[in-house]
Amino acid sequence: MLKIKHIPQYTYSDYELWKGDWELIEGYPYAMSPSATGKHQFVSAKILNQIMNQLEGSPCNNNCFVYSELDWIIDDRNVVRPDLAVVCGERVEKFIENPPILIVEVLSESTTYRDRIVKKELYEINKVKYYLIADTENKAIEVFELVGNKYKLVVKNEFAIKGGCFISFDFNIIW
């Protein structure tokens, strides 16, 4: 039996040349196809709508922005595409370069392990303050807050994003 002696790893330079939708985690490529289901898109849009409505009427309107499925280039070996990311600072023109303050991932059958384990650890290491996992099957939102250097599962629906700016959710209307 033949043993695999080398599994190639890739960098952002390779990633830029690929066709289709991919993520790169620790140098390993992850295909992002087929596209998300209607249920996934619906939940993502409901959450996006709540964030957009609050940012538009807040003092943070010119300093904090929400992006849907925009690449976050963490480093040369890690490129992810969160379902939703709230970024404060300069408006992003091409891709996210600094850690978002809040990320939402909507679970799909094919991404559950990656979202719950791999991405959670990656977001924690890269100091994303809030990580929300929307579980469409159980109609629940899990909220993780970075406390020290570790995520802690918390029960909350309001998030301080910058200065005196907050985003709050009505999780019940998502489903």
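The values are calculated or read from the model by the stated rules, or taken from the named source; none is laboratory data. Keep in mind the model is a prediction, meaning the values are calculated, not measured. Virtual Cβ from ideal backbone geometry, glycine too; neighbours counted across all protein chains shown.
When the residues of the stretch 136-151 are filtered to those that are without any contact (Cβ under 8 Å) to a residue 60 or more places away in the chain and among the polar types (S, T, N, Q), which remaining residue is nearest to residue 107 (Cα to Cα)? Before you say what the answer is, go through the steps one by one.
Filtering the stretch 136-151 down to residues without any contact (Cβ under 8 Å) to a residue 60 or more places away in the chain leaves 137-151.
Remaining after also requiring among the polar types (S, T, N, Q): 138, 149.
Numbers: 138: 10, 149: 24 Å.
Step by step, filter the stretch 136-151, then rank; the result is 138.
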Look through the stretch 117-130, keep the residues that are basic (Lys, Arg) and surrounded by 15 or more Cβ atoms within 10 Å (Cβ to Cβ), and return whichever of them is nearest to residue 76 (Cα to Cα). 119
Looking only at residues that are of a type in the set (S, T, N, Q) and in contact with a Leu (Cβ under 9 Å, 6 or more places away or on another chain) in the stretch 23-66, which one is surrounded by the most Cβ atoms within 10 Å (Cβ to Cβ)? 44
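Restricting to the stretch 128-161, name every residue that is basic (Lys, Arg) and on the phi < 0 side of the Ramachandran plot. Break it down into steps so the answer makes sense when it comes.
Within the stretch 128-161, the first condition is being basic (Lys, Arg), and the residues that meet it are 129, 139, 150, 152, 156.
Those that are basic (Lys, Arg) and on the phi < 0 side of the Ramachandran plot: 129, 150, 152, 156.
Answer with yes or no whether residue 117 is of a type in the set (A, V, I, L, M, F, W, C), in contact with a Leu (Cβ under 9 Å, 6 or more places away or on another chain) and not in a loop (DSSP other than H, G, I, E, B). First the steps, then the outcome.
Details: of a type in the set (A, V, I, L, M, F, W, C): yes; in contact with a Leu (Cβ under 9 Å, 6 or more places away or on another chain): no; not in a loop (DSSP other than H, G, I, E, B): yes.
Criteria not met by residue 117.
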Report, by residue number, each residue of the stretch 76-101 that is touching a residue at least 60 places away in the same chain (Cβ under 8 Å) and either aliphatic (A, V, I, L, M) or outside any loop (DSSP other than H, G, I, E, B) (or both). 79, 86, 88, 101
The stretch 131-151 - residue that is in a loop (DSSP other than H, G, I, E, B) and surrounded by 11 or more Cβ atoms within 10 Å (Cβ to Cβ) and, of those, nearest to the chain's Cα centre (by Cα): 136
Is there a residue in the stretch 152-161 that is in contact (Cβ under 8 Å) with a residue 40 or more places away in the chain, surrounded by 12 or more Cβ atoms within 10 Å (Cβ to Cβ) and part of a strand (DSSP E or B)? yes
For the stretch 102-112: of the residues being part of a loop (DSSP other than H, G, I, E, B) and in contact with a Ser or Thr (Cβ under 8 Å, 6 or more places away or on another chain), which is modelled with the lowest pLDDT? 108
Residue satisfying all of: in the stretch 55-75; assigned to a loop (DSSP other than H, G, I, E, B) and of a type in the set (S, T, N, Q); farthest from the chain's Cα centre (by Cα) among these: 58
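Checking the conditions here, which among 143, 147, 79 is touching an Asp or Glu at 6+ places or on another chain (Cβ under 7 Å) and of a type in the set (A, V, I, L, M, F, W, C)?
That would be 79, the only listed residue that is touching an Asp or Glu at 6+ places or on another chain (Cβ under 7 Å) and of a type in the set (A, V, I, L, M, F, W, C).
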Single residue of the stretch 99-116 satisfying the filter (hydrophobic (A, V, I, L, M, F, W, C) and touching a helix residue (DSSP H, G or I) at 6+ places or on another chain (Cβ under 7 Å)) that is surrounded by the fewest Cβ atoms within 10 Å (Cβ to Cβ): 107
